[in-house]
1. If a residue has to be over 17 Å from ASP153 (Cβ atoms) and touching a residue at least 60 places away in the same chain (Cβ under 8 Å) to count, how many in the range 96-114 make the cut?
2. So, LEU35, is that one outside the structural domain of LEU145 (by TED's automatic domain parsing), in contact with a Pro (Cβ under 9 Å, 6 or more places away or on another chain) and either surrounded by fewer than 20 Cβ atoms within 10 Å (Cβ to Cβ) or of a type outside the set (D, E, K, R) (or both) or not?
3. Considering only residues of the range 56-81 that are farther than 19 Å from LEU27 by Cα and not in a strand (DSSP E or B), which is most open to solvent (accessible area, probe 1.4 Å)?
4. Considering only the range 149-158, I want to know if a residue exists there that is closer than 20 Å to LEU260 by Cβ, more than 16 Å from ligand 2 (Cβ to nearest atom) and not basic (Lys, Arg).
5. As an exercise: evaluate GLU193 against (1) away from ligand 1 (no atom under 16 Å from the Cβ); (2) closer than 29 Å to LEU27 by Cβ; (3) under 19 Å from the mean Cα position of the chain (by Cα) and give the number of the one condition it does not meet.
6. Taking the range 213-242 only, how many residues are open to solvent by 50 Å² or more (accessible area, probe 1.4 Å) and on the phi > 0 side of the Ramachandran plot?
7. Name the single residue that is nearest to ligand 1 (Cβ to nearest atom) among those in the range 138-164 being open to solvent by 50 Å² or more (accessible area, probe 1.4 Å) and touching a helix residue (DSSP H, G or I) at 6+ places or on another chain (Cβ under 7 Å).
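The values are calculated or read from the model by the stated rules, or taken from the named source; none is laboratory data. The structure displayed is predicted, hence computed values, not measured ones. With ideal geometry, Cβ positions are generated from the backbone for all residues, glycine too; neighbour counts draw on all protein chains shown. The accessibility values were calculated without ligands, DNA or RNA, using every heavy atom of the protein model including side chains. Shrake-Rupley method; radii C 1.70, N 1.55, O 1.52, S 1.80 Å.
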Amino acid sequence: MKAAAHLLLLAASAAGAEPVRIQVLGLFRSPLADLQPAGAGPLIVETPRGNVVLEGRATLRLRAANAPAALPPGSRFRLRIPGKIDRDYHGALRVQEDGAALALVVEMEIETAVASVVAAESVPGAPPAALQAQAVVARSFYRALRGRHSRADFCDTTHCQFLRHPPRAGSPARDAALSTRGLTLEYRGRAIEAFFSSRCGGRTRALAEAGWAISAYPYFAVECASCRRDRRPAQGHRVGLCQHGAAAMARGGAGFRQILAHYFPGAEVR
Ligand SMILES: [Zn+2]
Ligand SMILES: [Zn+2]
């Protein structure tokens, strides 16, 4: 009986989990990185030579030559490439060697990744409905395009989706992810790799206009009233969601479903 209850619990937690693997900080091609705790608890770093426990401000220098190493799921940690960048993460870490460089792959919950993308990519001052639309778009991209890289599903640059620190609980980006949890844009029963760009210039583009032949969803050229009024030049590829147009729709009282229906005609939010 006890064993059965335990199995049930395991099944329930597995059903809720939807990890995505993201290779981070790969642009730097760095042979080393410093690893530190970024949460209350210690970090337990698994290495072939045994576990290393990091507490407080303790730092472990990771080197390509000393890979592999790993952190278990649920770890809160900071990675620093000295003199270049430091970022916090929440998830599991796998450290491998890639030639002379480190390959750092973070496996995180899809909702953590979605909130991180919303925080990194949204237009400053965008209202909640625009952030919610961005969250559904980011989640759809992750669900539709798994396995884009050899070591991970995605990278952390604009090649896939840009992401920085996971936002704090109660922040607008985290709330946008939470309030749309699990929702995806679908077309004919499959998640769309929903594209977005900053400013469409008054009209978005269909896939054929962009010269892309990469999606089952054709995308459509739709009018974007606020960009038309703005008369500012387009920024980005103009396919899919227009971020400035979405922010204007949200300021005008539109909900995220209305925004998505406008920029993705024929698609459904599920
Ligand atoms: Zn990528
Ligand atoms: Zn626009």
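1. Residues meeting the conditions: 3.
2. no
3. If we take residues in the range 56-81 being farther than 19 Å from LEU27 by Cα and not in a strand (DSSP E or B), then ARG57 is most open to solvent (accessible area, probe 1.4 Å).
4. No: the range 149-158 contains no residue that is closer than 20 Å to LEU260 by Cβ, more than 16 Å from ligand 2 (Cβ to nearest atom) and not basic (Lys, Arg).
5. (1)
6. Here the count works out to 3.
7. Across the range 138-164, the extreme among qualifying residues is PHE162.
Matching residues to (1) touching a helix residue (DSSP H, G or I) at 6+ places or on another chain (Cβ under 6 Å); (2) at pLDDT below 95:
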position: ALA33; (1), (2): no, no
position: GLU55; (1), (2): no, no
position: ALA58; (1), (2): no, no
position: LYS84; (1), (2): yes, no
position: GLY99; (1), (2): no, yes
position: ALA103; (1), (2): no, no
